[in-house]
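**Student:** Handing you a structure now.
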Amino acid sequence: MQRIKPKHIKYIRLVVGFIIFILGVIFMFFPFIPLGYLFLAAGLFLMAYEIPFLKKFIDKLKRRDKKDRIEKVEEKVEEAENIVSQKIENANSEKNQT
């Protein structure tokens, strides 16, 4: 089984985070799609791993958050990232078997 190399994961995070962020901006202009803010937050969380000022902003929000909501969102993002990695690994292993 092929694993995604750590140096590739950071680029995948940035690209996916940017795409999700842009979708959030677009969805904010359409009131019948209520996912704009959710997409903006998810995109920022994904990009925060590699962009220092976003990481500082997230850390500042964590310090102010008394109910640990930020940490729960980070856990969800990491779970989704693991699911995507597993699906990529499965696709690669199926491709190698044929």
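The values are calculated or read from the model by the stated rules, or taken from the named source; none is laboratory data. Predicted model, so just to flag it, every value in this text is computed and none were measured. Every residue, glycine among them, receives a Cβ derived from its backbone with ideal geometry; neighbour counts consider all protein chains shown.
**Student:** Please go through the range 10-55 and give me each residue that is among the hydroxyl-bearing types (Ser, Thr, Tyr), without any contact (Cβ under 8 Å) to a residue 24 or more places away in the chain and within 19 Å of Ser85 (Cβ to Cβ), ordered by number.
**Tutor:** Just the residues of the range 10-55 that are among the hydroxyl-bearing types (Ser, Thr, Tyr), to begin with: 11, 37, 49.
So of that shortlist, the ones also without any contact (Cβ under 8 Å) to a residue 24 or more places away in the chain come out as 11, 37.
The answer is Tyr11, and nothing else.
**Student:** Of all residues being touching a residue at least 24 places away in the same chain (Cβ under 8 Å) and not polar (S, T, N, Q) in the range 65-98, which is farthest from Ala41 (Cα to Cα)? Just the residue, please. Give the derivation first.
**Tutor:** Step one: filter the range 65-98 for residues touching a residue at least 24 places away in the same chain (Cβ under 8 Å), giving 73-74, 77, 81, 85, 88-89, 92-93, 96.
Narrowing further to those that are not polar (S, T, N, Q): 73-74, 77, 81, 88-89.
Working: Val73: 9, Glu74: 10, Val77: 10, Glu81: 15, Ile88: 24, Glu89: 27 Å.
Only one residue fits best here, namely Glu89.
**Student:** Mind listing just one residue for me: the one in the range 1-23 that is of a type in the set (Lys, Arg) and more than 19 Å from Leu38 (Cβ to Cβ) and, of those, modelled with the highest pLDDT?
**Tutor:** Initial filter on the range 1-23 (of a type in the set (Lys, Arg)): 3, 5, 7, 10, 13.
When the remaining residues are screened for being more than 19 Å from Leu38 (Cβ to Cβ), the result is 3, 5, 7, 10.
Details: Arg3: 58, Lys5: 61, Lys7: 67, Lys10: 74.
Within the range 1-23, the match that is modelled with the highest pLDDT is Lys10.
**Student:** Moving to a separate point now. Test of understanding: among Asn90, Asn96, which residue is surrounded by 11 or more Cβ atoms within 10 Å (Cβ to Cβ) and either touching a Pro at 6+ places or on another chain (Cβ under 8 Å) or at pLDDT below 80 (or both)?
**Tutor:** On the way: Asn96 fails: surrounded by 11 or more Cβ atoms within 10 Å (Cβ to Cβ).
Sole residue among the options that is surrounded by 11 or more Cβ atoms within 10 Å (Cβ to Cβ) and either touching a Pro at 6+ places or on another chain (Cβ under 8 Å) or at pLDDT below 80 (or both): Asn90.
**Student:** Okay, next question. Taking Ile9 as the residue in question, decide whether it is of a type in the set (Val, Ile, Thr) and surrounded by 13 or more Cβ atoms within 10 Å (Cβ to Cβ).
**Tutor:** Numbers: of a type in the set (Val, Ile, Thr): yes; surrounded by 13 or more Cβ atoms within 10 Å (Cβ to Cβ): yes.
Considered against the rule, which asks whether it is of a type in the set (Val, Ile, Thr) and surrounded by 13 or more Cβ atoms within 10 Å (Cβ to Cβ), Ile9 comes out as yes.
**Student:** Limited to the range 24-74, what total is found for residues that are under 18 Å from Arg13 (Cβ atoms), surrounded by 12 or more Cβ atoms within 10 Å (Cβ to Cβ) and of a type outside the set (D, E, K, R)?
**Tutor:** Matching residues across the range 24-74 total 19.
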